[in-house]
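What follows is a set of notes on a single structure, which appears directly below.
The values are calculated or read from the model by the stated rules, or taken from the named source; none is laboratory data. None of these values were measured; they are calculated from a predicted model. In this analysis, Cβ positions are derived from the backbone assuming ideal geometry, glycine residues included, and neighbour counts consider all displayed protein chains.
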Amino acid sequence: MTTKPLTGKIALVAGATRGAGRQIAVQLGAAGATVYATGRSTRANRSELDRPETIEETAELVTAAGGTGIAVAVDHLIPEQVRDLVARIDAEQGRLDVLVNDIWGSDHLVTWHEPVWKQPLDRGFRILELAVHTHLITSHFALPLLIRNPGGLVVEIGDGTKAYNDTHYRLSAFYDLAKTCVNRLGFVQAEELKPHDCTAVALTPGWLRSETMLELFGVTEENWRDAVKKQPGFEVSETPAYVGRAVAALAADPDRARWNGRSLDSGELAQVYGFTDLDGSRPQGFRYIVEVIEGGRKADVAEYR
């Protein structure tokens, strides 16, 4: 960015180790924000996912992008750790302008294409803890700081807009519940924040080319199109930076309250705010799935990028 509209703003991205969370933190930094990047994976200790990405790397990327990145190891299922995190932000900054609840960390726990009576309950309940309880705990402690100043923003990151999830079974009872709950949390917090002149939304990327997704398809960001033949819809996938730029655009919009309580996707916001993905395109992932893959519309992929 040539201008930094979020200079002086303080953001907390809960779940910033990798994927969407990492790039949300980076893009907020590119807009000038100071970003607290939290997660469980550090250079000294990996989470149960046992992946190489760390919150320290995320913080360094935020600083390199033009912001100030601060890594804090936090397990957002432990209330005391979240309480102490927010107390630290208050002591160091005296304010919080943006809260992004991005914690998920449950891909390895999902049992796909099995009815609820065949789902392992311990794994299912762990999904709900990681994907929903963490968001509630974080908001419980962070929102009293956020509402001290008008104009605060809360973004609940999920998978699928409300309109899409309301009409589609997400192939697993626990996954479906987790993503539905996150969207509802955006609406609920919007109602609770409205008297404080703050805004809350639910936001989803389209088909995200995260580190895990690229590995699953056996491709890299450089040759991701090689996976298109095996995965219909992947042709309109997007990098995590796209949803990151969506969050940065929302945070920089003085009229962000117009979105209060809405369920949004990155492609929709790109059309409004004019930002692009890293390659200059504007993927419209959910439109493509509904209109082309499910609806049978004959269209050039270029219409949706």
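Conditions tested, residue by residue: (1) modelled with pLDDT under 95; (2) not aliphatic (A, V, I, L, M).
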| site | (1), (2) |
| --- | --- |
| 24 | no, no |
| 30 | no, no |
| 37 | no, no |
| 52 | yes, yes |
| 56 | no, yes |
| 60 | no, yes |
Requested in this report: Give the residues of segment 180-222 that are among the basic types (Lys, Arg) and without any contact (Cβ under 8 Å) to a residue 24 or more places away in the chain, sorted by residue number.
Outcome: 184
Requested in this report: Can you confirm whether segment 237-248 contains a residue that is out of contact with any strand residue (DSSP E or B) (no Cβ under 7 Å at 6 or more places or on another chain), surrounded by fewer than 18 Cβ atoms within 10 Å (Cβ to Cβ) and either in contact (Cβ under 8 Å) with a residue 24 or more places away in the chain or not in a loop (DSSP other than H, G, I, E, B) (or both)?
Outcome: no
Report task. Mind telling me which of the residues 229, 162 ends up being over 22 Å from residue 75 (Cβ atoms) and either touching a strand residue (DSSP E or B) at 6+ places or on another chain (Cβ under 6 Å) or aromatic (Phe, Trp, Tyr) (or both)? Result -> 162
Report task. Search segment 85-114 for residues being in contact with an Asp or Glu (Cβ under 9 Å, 6 or more places away or on another chain) and closer than 24 Å to residue 7 by Cβ, and hand back the single one that is surrounded by the most Cβ atoms within 10 Å (Cβ to Cβ). Result -> 101
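Among the candidates 217, 234, 286, single out the residue that is more than 30 Å from residue 34 (Cα to Cα), of a type outside the set (Gly, Ala, Ser) and within 17 Å of the chain's Cα centre (by Cα). Break it down into steps so the answer makes sense when it comes.
Working: 217 fails: within 17 Å of the chain's Cα centre (by Cα); 234 fails: within 17 Å of the chain's Cα centre (by Cα).
Going through 217, 234, 286 in turn, the sole match is 286.
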Query raised in the report: In segment 1-27, what residues are of a type in the set (A, V, I, L, M, F, W, C) and over 20 Å from residue 211 (Cα atoms)?
Result: 1, 6, 10, 11, 12
Report task. Would you tally the residues in segment 144-197 being buried (at least 23 other Cβ atoms within 10 Å of the Cβ) and more than 18 Å from residue 106 (Cβ to Cβ)? Result -> 7
